[in-house]
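Asks: There's a structure below that I have some questions on.
The values are calculated or read from the model by the stated rules, or taken from the named source; none is laboratory data. Keep in mind that this is a model prediction, so the values were computed, not measured. Methodologically, a virtual Cβ is constructed for each residue, glycine included, from the backbone with ideal geometry; neighbour enumeration extends over all protein chains shown. Just the protein is used for accessible areas: all its heavy atoms, side chains included, with ligands, DNA and RNA removed. Shrake-Rupley method; radii C 1.70, N 1.55, O 1.52, S 1.80 Å.
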Amino acid sequence: MATIEPFVFRAPHEVHFGVGELGRLGEVSQRLGRKGLITTGRGSARERGFIDRAQQSLAAEGIEVAVYEGIAPEPPLADVERGREVARAHEADFVVALGGGSAVDVGKAIAALGLTETPVTEYHSGGLACDAPGLPCVAIPTTSGTGSEATPNSVLTDPAKAKKSSIRGAALLPEIAIIDPELTVPLPPEPTAHSGLDALCQAIEAYVSRGANPVSDALALRAVRSIAGSLRRAHRDGSDLDARTDMALGSHLAGLALASARLGLVHGLAHPVGVATEKPHGLVCGAMLPMVIRANAEHVGRRYSQVCDTAGLSDTDPSFMGGAADRLAGWTEQLCSELGVPVRLSELGLSEADLEPIAEVAAKAGSTAYNPREMSAGAILDLMRQNL
Ligand SMILES: [Fe+2]
């Protein structure tokens, strides 16, 4: 039997999963205080009626509600500072972070830094950890992708430095996560595909990460099973509630897994490539995945083979012949192509001149340190050149 190395696993204190669970927001938030701030993005949660439903549920329990709207995709640090001002003015006891990955990340940061005067830049550029307790956060995702409702980090962008990276710390882990698959039903096919590919990358990277542990392994493989079984269906027919539920589960489990296992080179590359191409995070992740799987082939033991088995990739299917890494990479390429995501870097809009600075940033990224194969800037540059 293999030795089990010591590990730490953290998760939200409560997870409420199921169709219609948004309606229980007020009930489950009661213990957090009498004043709540809902934070959200640029309109889709409002247009789809989710903000009204959240407000009504909180108001029914006598909770006073303020709403902070307009969080940008690839959110800038200023969105966190503005939200903190609204939270202070409202004297909020807790934050409800409702929306896609960006809105949830910003809501988490507003909550985590809700009791300190220290500017968010100190955490972003200065590397300060968000460990001191902040306000409690209820995270409610409206996409199935980032798993941010389960992780102790927020991805933020500093436009002045063209720097996209995470702030981290125990205070960023939400107190409560409400995962209601119904909220993902109105999501159009394209963001469904992109967020689903992000979840798939996160599940696979967590499973082969240097930080993987027995708890994250169980979660990551279960996530692969759900996502591999349902992403195409959710993309083809967004009203398929079974597929949406399976994707919501897969995304959440991948988030739980990566919170302790961390990720790998796909995510180390995703930030600088995202900044250079201005393409959505999930699309960039999906595009990088086949290349990184092939690069890691000799460094993961039997783990890609286990991912193939879990994803239901048959040895006998002639299109997936070859080693497990080739089989898995081929399958992810085919999946990307069905979902309209390119896998050549030039198709993402990158040219030779872009590659060196990207490789430099990716080599230093926190995620890259957990990639099963050690990757220097030179090795990353070679890999990208081969896939331009
Ligand atoms: Fe991601």
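Asks: Residue 122 versus residue 47, label points 7 Å from Cα toward the beta carbon: distance in nm?
Replies: 3.9 nm
Asks: Something else about it: Contour minus end-to-end for residue 334 and residue 239, with contour as 0.36 nm per residue of separation and end-to-end as the Cα-Cα distance? Each step should come with its number before you reach the end.
Replies: Numbers: separation 95, 0.36 × 95 = 34.20 nm, distance 2.35 nm.
The residue 334-residue 239 span can extend by a further 31.8 nm.
Asks: Continuing with the same structure: For the chain, set up a GNM with springs between Cα atoms under 10 Å and report which of 363, 162, 11 has the largest fluctuation.
Replies: 162
Asks: Within the chain, how many lysine pairs that are 8 or more places apart, or on different chains, have C-alpha atoms less than 28 Å apart?
Replies: Eligible lysine pairs with Cα atoms under 28 Å apart amount to 13.
Asks: Principal axis lengths of the stretch 14-184 from Cα atoms, whole Å, largest first?
Replies: Each principal axis gives a Cα extent; for the stretch 14-184 these are 42, 29, 25 Å.
Asks: Could you rank the peptides 84-92, 247-255 by their average count of other C-beta atoms within 10 Å per residue, with the highest value first?
Replies: 247-255, 84-92
Asks: In addition: Using Cβ-Cβ distances only, list the Cys residues of the chain with no partner cysteine under 4.7 Å, sorted by number.
Replies: 130, 137, 308, 336
Asks: Continuing with the same structure: Given a Förster radius of 41 Å and the C-beta distance between residue 356 and residue 78 as r, what FRET efficiency does 1/(1 + (r/R0)^6) yield to the nearest 0.05?
Replies: So, using R0 = 41 Å, E works out to roughly 0.85.
Asks: Which order do peptides 269-275, 54-60 fall in by mean Cβ count within 10 Å, highest first? Kindly include the intermediate steps, with their values, before the conclusion.
Replies: Values: 269-275: 24.6, 54-60: 18.3.
Highest-to-lowest ranking by the protection proxy: 269-275, 54-60.
Asks: Give me the Å³ per residue figure for the convex hull around the C-alpha atoms of the chain.
Replies: 128 Å³
Asks: When a/c reaches 1.5 or more, the comparison of a/b and b/c decides; with that in mind, is the stretch 52-118 rounded, prolate or oblate per its Cα gyration tensor?
Replies: It is oblate, given that a/c is not under 1.5 and a/b is not larger than b/c.
Asks: Mean Kyte-Doolittle hydropathy of -0.5 or higher plus an axial Cα length of 30 Å or more: which whole DSSP H helices in the chain meet both?
Replies: Membrane-span-like by this criterion, though nothing is claimed about a membrane: 214-236.
Asks: Please compute P(r) over all alpha-carbon pairs of the stretch 135-210, binned at 5 Å starting from zero, and give each bin as a whole-number percent.
Replies: Whole-percent P(r) values from 0 Å outward: 3, 14, 17, 22, 22, 16, 6, 0.
Asks: Is the shape of the stretch 3-82 rounded, prolate or oblate, going by the alpha carbon gyration tensor and its root eigenvalues a ≥ b ≥ c, with a/c under 1.5 for rounded and a/b larger than b/c for prolate?
Replies: Judged from the Cα gyration tensor, the stretch 3-82 comes out oblate (a/c at least 1.5, b/c at or above a/b).
Asks: As an exercise, identify the trypsin sites (Lys or Arg not before Pro) in the stretch 237-318 lying in DSSP coil whose Cβ has no more than 10 other Cβ atoms within 10 Å.
Replies: Here the sparse-neighbourhood loop sites are 302.
Asks: Give me a comma-separated list of calculated 3J(HN,Hα) values for the stretch 181-187, in order, Karplus coefficients 6.51, -1.76, 1.60 applied at θ = phi - 60°, integers in Hz, x for any Gly or Pro.
Replies: x, 4, 5, 8, 4, x, 5
Asks: I would also like to ask the following. From the square roots a ≥ b ≥ c of the eigenvalues of the alpha-carbon gyration tensor of the stretch 189-386, which class results: rounded (a/c under 1.5), prolate (a/b over b/c), or oblate?
Replies: Rounded is the answer for the stretch 189-386, as its axis ratio a/c remains below 1.5.
Asks: When the helices in the chain are scored as -39500 (n - 2.57) per DSSP H run of 4 or longer and the sum is shared across all residues, what 222 nm value do you end up with, to the nearest 500 deg cm²/dmol?
Replies: My calculation for the chain gives -15500 deg cm²/dmol from helical runs alone.
Asks: Give me the extension gain from residue 374 to residue 88: residue separation times 0.36 nm, minus the current Cα-Cα distance, reported in nm with one decimal.
Replies: So the extension gain works out to 98.5 nm.
Asks: Sticking with this one: Give me the percent of the accessible area of the stretch 65-200 that comes from carbon and sulfur atoms, probe 1.4 Å, all protein chains in place.
Replies: Looking at the stretch 65-200 in its full context, I get 56 percent from C and S.
Asks: Further question on the same structure: Tell me, in nm to one decimal, what length is gained between residue 59 and residue 218 on full extension, where the rule is 0.36 nm per residue of separation less the Cα-Cα distance?
Replies: Separation in residues times 0.36 nm, less the Cα-Cα distance, equals 53.4 nm.
Asks: If you don't mind, another one. Please find, in a Gaussian network model of the chain (springs between Cα atoms separated by less than 10 Å), the residue of 169, 20, 99 whose mean-square fluctuation is greatest.
Replies: 20
Asks: Hey, in the GNM for the chain with a 10 angstrom Cα cutoff, which one of 235, 13, 124 fluctuates hardest?
Replies: In this elastic network of the chain, the residue with the biggest mean-square fluctuation among 235, 13, 124 is 13.
Asks: Could I ask something else about it? Compute the projected area of the convex hull of the Cα atoms of the stretch 260-307, averaged over all viewing directions, and report it in nm² to one decimal place. The partial results should precede the final answer.
Replies: Working: hull surface 15.6 nm².
About 3.9 nm², averaged over all directions.
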